[in-house]
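Since the structure comes first, as structure tokens, the remarks are kept for the end.
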Amino acid sequence: MNGFRKAMRTMHSFSLHRLLAPLLLAGSTAACTTHTTESQGTCVPDPAVSCTVNGFSAEAVHLTGYSCTGAARPDDNSTYIDGVPQGLVCADQAGGGYCCTNFTTQCSYNPVGICDPGTYGYQCLGANRPEALNPAISCNQGVREDNVINFCCSGTERAANCTQSDAIGCAAGITGWICPTGTQPTAQDMGANKSRADLFYLLCPVPTVAANPKYETYCCYTASLVPAGGTCLQDRNVPGCAPGRFGIACYGTDTPEQNFARLNCPDPGVPGISEQGYPATVYCCDYTSN
Amino acid sequence: MKHPCGLPFFRKAPSFSRTRLPSWLGAVSLLGMAACGSNDEEAPPIEYMCDTDSTLASPAPVGVCGAGDPKLPPEPKFPAEPVCQEIKATKTGPAEDTLDTNLIQTALTQCKGGAVKLVADGERNSFVTGHLTVSNVTLWVDAGVTLYASRDPEQYQKTGNCGRIGISDSGACTDFITMDGVSPAIMGDGVIDGQGGEPLIGHDYSWWQASYALRAIDGSIGNPPLINTTTKTNGMVLYRITLHNSPKFHVKIASTPSYGPTACTTAGDGFTVWGITILTPSKWKNSKGEVLTPSFARNTDGVDPGEGSIAQCGVIACNTISTGDDHIAVKGGHWVSNLIIAHNHFGTGHGMSIGSETFGSYTSPDGVLHRGIENMDVYDLTIDADSRPVGYDAQASDFNGIRVKSDESRGGLVNNITYTDICMRDMTNAILVSTAYNPMFAGTLFPDFRALTFRNLHHVTCKGLSRPVVTLEGFNSTLPLGPVTLDNVVIDNMGKLDVAAEYANIELGPGDVSFYPSGFDVTVTDNRVPGSSAKRTCVFPTLPTPEVPPGWLR
């Protein structure tokens, strides 16, 4: 990467660097481009990509703008050294291009991260969070995986999703939410004074259509951890499971009651397909406060 | 990158790289360093300072601590006698065959503006109650008397989940004692015991075990706080009372001066916590013989101003706190300002802390927008990690010194905070200013940490099981930390690698500073004048501690 950085700094001294960059890169910055092929494309620094953030210049916030061709990204040559991620953190820009850190971070672009459309993955070590490295990016709640944390990020500021609401009329002890249709509450939607953490998650029922049909409501609760070996997951698509009840899919022989102490499932499970699309035994259950 | 011992080594950032060090990670690497030797071949021999002074009684005799301190209001006083009602104990321990709730609550209700005194009757020295409300009245627990919180969760039931294990429901229970109104007070040389480590009635687990069960998911347990204040409280006072074994936070404070939230004419007009003792756990084993340790007493913060609403114009003075979570956590989820925290002694705990909520904002009646936490003066403080044995499950976070913590899910302004005349011993994190309290949390409430001053601070070593670390981190290039002033700040026996900084503007001097912070986007202005300062002389009091089982070490 040192050669890459030297080349990047060198290129800034040329006024025609956009024209020369491919030649320079081809000759001296193999590390920058070896990950790409002709079909994947290449990335070059591009001052036309504005990386000003909140009135701070790109230089002040240690960002460099890039233009890319094909499927290439400036950060897709990330590496791991002794298990420590190493790479750039890049925010994709609405007008094209990327704003990337001008230094190597302890985050790696994760092309196989499971992320919603329009977002992309990073794996970061320890307390590194992409927003602190690159103020132009916005990421979701992290999920710990061994010694790294997985994030899904975007250069577009994340829109507010679900909001907590006491007006839903949920039973005592569970929390009401109102969400745009098609979304469901996540830990990052919780209030700032609520405790959240890596394995914290909400168990939510089949949604109820709100008075405004653009929204759905949920009554969710925070389940304790599924016991080791538990195979049951939330499933909002259990056939015949009415809004407000909890659809659950189990891949093994365990039952929802064994995994979620607050659930009561009056009917036996039936063969079905989980929300993730795999064969499972599906149940329709109710929250119980007893 | 590997530590020389072969451990993963996270603290030395490569060129153009940066490392954000969470406290737990730092502790891991530090313990590794301590185990394998020094990270600094040039380090001088370790100086040990292990003395304690048993003449510094806790609490101090009436009229001694804080006397002559011009920043403090006069020490509170006990009510004049005879009081409105005096109630004699009928129990010799925490038996729950009958409860004293109605007896005491009726007296408290009838004595508004006055005081109710709980006294012993010969060997009968105990009361047991469920939820109590102390509104516009003083509850006086006499010396030798213990007021126990009932172990029956139904006494505090709010949502149906109070006392239920495995449920994250922060609103499940009401408080043990709710304070409300104008100048409510809890005083006396007696004890209030929350029985957090004892089995709950109808269950085979304790409040703390219910909380511990949620630790893996950082669930928010709904255990009852020992003492809480409503948002309508003005001028609450806690004086000389001893608090043990709270199921959750010991004291949550929301309070403003009676004349409103925009001014603070006299320190303490908002609230006063003076001369109290918090020791949790207070015993080494519960009635079932189960071992109780500070790290097991999860979420048992000592004193938390601003937890439920704005807190302003407060004094926390002359207290002794040793517990399983933050000694003091100033919570900025609303707005906190004008606090004096003086002449306190801390033992085990997670630190003299700010945060993690710092996002608050409040528009006062004059239209001024106030934010986060500002104008806080902490001085004459000792924090001694060696004050008590802590057992095999102690964690690095049980030995934190000064902490300012937040993250982007709950961050905001922290400004004009001063720490003066501070002594610490055997901390893992001597100073920890972190904007990545939990890096997994997402949000757009970015921490904005500004002026922090550390003056006449000395950290010493006795057992030295880990090397002290200093961490000074801003959030990013657009929200740097600072200015941070370090003036006569001496951390004994630090290694060169034991200071981490990033995104920070730091001023050193004129007094000596025993380390030189550097890191990504760190600007250091060095105004140190050699010979202009002397290390603060540290005297640590002998702090209260449970009887120590033989063979226990830290």
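The values are calculated or read from the model by the stated rules, or taken from the named source; none is laboratory data. These numbers were taken from a predicted model, which means no experiment stands behind them. So basically every Cβ, Gly included, is an ideal-geometry build from the backbone, and we count neighbours across all protein chains shown.
Filtering region B:325-339 to residues that are surrounded by 24 or more Cβ atoms within 10 Å (Cβ to Cβ) and assigned to a strand (DSSP E or B) leaves B:Ile328, B:Ala329, B:Val330, B:Val336, B:Ser337, B:Leu339. Just one of (1) surrounded by fewer than 20 Cβ atoms within 10 Å (Cβ to Cβ); (2) in a loop (DSSP other than H, G, I, E, B); (3) among the hydrophobic types (A, V, I, L, M, F, W, C) fails for B:Val524. It is (2).
The residues of region B:88-108 that are under 31 Å from the mean Cα position of the chain (by Cα) and outside any loop (DSSP other than H, G, I, E, B), listed by number, are B:Thr101, B:Ile104, B:Gln105, B:Leu108. Here B:Lys463 clears all of (1) surrounded by fewer than 18 Cβ atoms within 10 Å (Cβ to Cβ); (2) more than 23 Å from B:Ile383 (Cβ to Cβ) except the condition numbered (2). Entry remark, region A:130-150: residues being closer than 21 Å to A:Asp82 by Cβ, among the hydrophobic types (A, V, I, L, M, F, W, C) and free of Cβ contacts under 8 Å to residues at least 60 places away in the same chain number 2 in total.
In region B:409-458, the qualifying residues are those that are within 14 Å of chain A (Cβ to nearest Cβ) and charged (D, E, K, R), and the one that is surrounded by the fewest Cβ atoms within 10 Å (Cβ to Cβ) is B:Asp448.
Taking the stated definitions as given, is B:Phe475 aromatic (Phe, Trp, Tyr), over 21 Å from B:Ala396 (Cβ atoms), crowded, with 19+ Cβ neighbours inside 10 Å and in contact with a helix residue (DSSP H, G or I) (Cβ under 9 Å, 6 or more places away or on another chain)?
Working: aromatic (Phe, Trp, Tyr): yes; over 21 Å from B:Ala396 (Cβ atoms): yes; crowded, with 19+ Cβ neighbours inside 10 Å: yes; in contact with a helix residue (DSSP H, G or I) (Cβ under 9 Å, 6 or more places away or on another chain): yes.
Judged against the criteria, B:Phe475 is a match.
Summed over region B:345-372, the residues that are within 14 Å of chain A (Cβ to nearest Cβ), buried (at least 18 other Cβ atoms within 10 Å of the Cβ) and farther than 20 Å from B:Val469 by Cα give a count of 6.
For A:Pro205, indicate whether it is at pLDDT 85 or above, assigned to a loop (DSSP other than H, G, I, E, B) and either within 27 Å of A:Asp92 (Cβ to Cβ) or not β-branched (Val, Ile, Thr) (or both). Break it down stepwise before answering.
Values: at pLDDT 85 or above: yes; assigned to a loop (DSSP other than H, G, I, E, B): yes; either within 27 Å of A:Asp92 (Cβ to Cβ) or not β-branched (Val, Ile, Thr) (or both): yes.
Criteria met by A:Pro205.
Listed residues A:Ala91, A:Ala187, A:Ala127; which is within 14 Å of another protein chain (Cβ to nearest Cβ) and in contact (Cβ under 8 Å) with a residue 60 or more places away in the chain? After applying the criteria, what remains is A:Ala91. Any residue at all in region A:251-266 that is crowded, with 19+ Cβ neighbours inside 10 Å, of a type in the set (Ser, Thr, Tyr) and part of a strand (DSSP E or B)? Checked region A:251-266: no residue is crowded, with 19+ Cβ neighbours inside 10 Å, of a type in the set (Ser, Thr, Tyr) and part of a strand (DSSP E or B).
Just one of (1) within 14 Å of chain B (Cβ to nearest Cβ); (2) in contact with a Leu (Cβ under 7 Å, 6 or more places away or on another chain); (3) free of Cβ contacts under 8 Å to residues at least 60 places away in the same chain fails for A:Gly230. It is (2). Condition check for A:Val148 on (1) surrounded by fewer than 24 Cβ atoms within 10 Å (Cβ to Cβ); (2) aliphatic (A, V, I, L, M); (3) modelled with pLDDT under 90: one failure, at (3).
Taken over region B:340-364, the criterion of being of a type outside the set (Ser, Thr, Tyr), part of a loop (DSSP other than H, G, I, E, B) and touching a strand residue (DSSP E or B) at 6+ places or on another chain (Cβ under 7 Å) is satisfied by B:Gly347, B:His350, B:Gly351, B:Gly355, B:Gly360.
Against the conditions (1) surrounded by fewer than 19 Cβ atoms within 10 Å (Cβ to Cβ); (2) part of a loop (DSSP other than H, G, I, E, B), B:Glu154 satisfies every one except (2). For region B:306-318, the criterion of being farther than 24 Å from B:Gln157 by Cβ, acidic (Asp, Glu) and surrounded by 24 or more Cβ atoms within 10 Å (Cβ to Cβ) is met by no residue. So, of the residues in region B:166-181 that are among the β-branched types (Val, Ile, Thr) and under 10 Å from B:Gly222 (Cα atoms), which turns out to be surrounded by the fewest Cβ atoms within 10 Å (Cβ to Cβ)? Ranking the qualifying residues of region B:166-181, first place goes to B:Thr174. So, in region B:225-253, of the ones that are part of a loop (DSSP other than H, G, I, E, B) and among the charged types (D, E, K, R), which residue ends up farthest from B:Ile276 (Cα to Cα)? Once the filter is applied, the top-ranked residue is B:Lys232.
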